[in-house]
Amino acid sequence: MRRNEPSDRPDDSEYAEYGVTYSRLKPEGLDTAHGVILYLEDITVSFDGFKAINKLNLDISVGELRCIIGPNGAGKTTMMDVITGKTRPTSGTAFFGQSIDLTKLTEYEIAHAGIGRKFQRPTVFEQHTVFENLELAMKMDKRVKTTLFARLNSEQIGKIEEILRLIRLNGQEHRIAGLLSHGQKQWLEIGMLLMQEPQLILLDEPVAGMSDAETARTAELLNELRGKHSIMVVEHDMGFVEEIAQGDKVTVLHEGSVLAEGSMQQVQADERVIEVYLGR
Ligand SMILES: Nc1ncnc2c1ncn2[C@@H]1O[C@H](COP(=O)(O)OP(=O)(O)OP(=O)(O)O)[C@@H](O)[C@H]1O
């Protein structure tokens, strides 16, 4: 198991009976007037002197879909840990929009501020239906003035139906989530994140373990989200990255720093990237 699986999501006793806790996102005070949603400057993370991240500089624009690639141990997960407050940088600057200093906030506050993270392993409410999972995700968002057992209004039902179509689970809404395929669970969890309308979505290896057909459908899904959400995707599946990178930038991390950044074609042609990651 990866060391950062979501066991440490903020506790929310109201939902404890469901066995899983889930972040509540509340985008307040986010200032993206200059078009930048995430800004990392000179970030270093040292573990007993070993620099997992070494003077990393990276920024993401509002509405961008940024793919992050790089060899094992390059620092991709550690970077996501810094963004979500799981790991404190040893030095450097990390801002969400222009005014939210991520290095000063707890994981809970960062989730609340509007950064949603999906870990590699799906964590849906296995005993509940697909529809109920989306409903619970919405009700955990405290911007929605409702209680757990309140009836949904037509607007809320409409929103769930819209997400069901987007995540390709319309027609499956009454299935128990535990019976879904691995890929469907991943889509459901993406849908649960979307219910909470995060301003920045971080996806850690979303297609790991998926069939080819599921991977292709996930690429379609992310392409539909393009421009509507700001998304960072860490992924090793290069075919998938090619499908979703389109005109957006791809960042290659190596030894804790940015080795290359540019279009997929540019990074694929970069000799240094071929050397350390893509191979000849
Ligand atoms: N808590 C920690 N203590 C010590 N070393 C760590 C810790 N977390 C990460 N590292 C080291 O930091 C480096 C970067 O790890 P990280 O998991 O961020 O890489 P990654 O790019 O996500 O790799 P992968 O593609 O395998 O997921 C690795 O050498 C890893 O062993």
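Any read-out appearing in this document is the output of simple, stated calculations on the displayed coordinates, not a laboratory observation. Quick caveat: nothing in here was measured; it's all calculated off a predicted structure. Neighbour counts are summed over all protein chains in view; Cβ atoms, including those assigned to glycine, are modelled from backbone coordinates with ideal geometry.
Among the trypsin sites (Lys or Arg not before Pro) within the range 221-259, those in coil by DSSP and having at most 12 neighbouring Cβ atoms inside 10 Å are K228. With Cα atoms defining each centre, the range 243-280 and the range 195-213 are spaced 20 Å apart in the structure. Toward the positive end of the charge dipole of the range 34-278, with +1 on the Cβ of Lys and Arg and -1 on the Cβ of Asp and Glu, the farthest Cα among I231, M138, I176 is that of M138.
When the range 34-278 is described by a simple charge dipole with +1 on each Lys and Arg Cβ and -1 on each Asp and Glu Cβ, the residue from V250, N72, M210 located farthest towards its positive end is M210. Rounded to whole numbers, the Karplus 3J(HN,Hα) couplings from phi for the range 201-211 are 10, 10, 10, 9, 6, x, 9, 4, x, 8, 6 Hz, using 6.51 cos²θ - 1.76 cosθ + 1.60 with θ = phi - 60°, and x at Gly and Pro.
List K118, K86 from most exposed to least, where exposure is judged by having the fewest other Cβ atoms within 10 Å.
Values: K118 21, K86 18.
So the residues, fewest neighbours to most, are K86, K118.
If you count Lys pairs in the range 34-278 whose Cα atoms are under 20 Å apart, skipping same-chain pairs closer than 8 places in sequence, the total is 22. Evaluating 6.51 cos²θ - 1.76 cosθ + 1.60 at θ = phi - 60° for every residue in the range 86-91, the Karplus couplings come out as 6, 10, 8, x, 5, 7 Hz, glycine and proline recorded as x. Its relative contact order, with pairs defined as Cα atoms under 8 Å and 6+ residues apart, puts the chain at 25 percent. The helix-only estimate of mean residue ellipticity at 222 nm for the chain, built from DSSP H runs of length n ≥ 4 each weighted as -39500 (n - 2.57), is -8500 deg cm²/dmol after division by the residue total. What list of ³J(HN,Hα) couplings, whole Hz, do you get for the range 55-60 from phi and the Karplus terms 6.51, -1.76, 1.60, once you set θ to phi - 60° and write x for glycine and proline? Result, ordered by residue: 6, 7, 10, 7, 9, 10 Hz.
Given the range 34-278, what whole percent of its Cα pairs are spread farther than 32 Å? Please list the in-between numbers first.
Numbers: 6460 of 29890 pairs.
Cα-Cα pairs in the range 34-278 separated by more than 32 Å: 22 percent.
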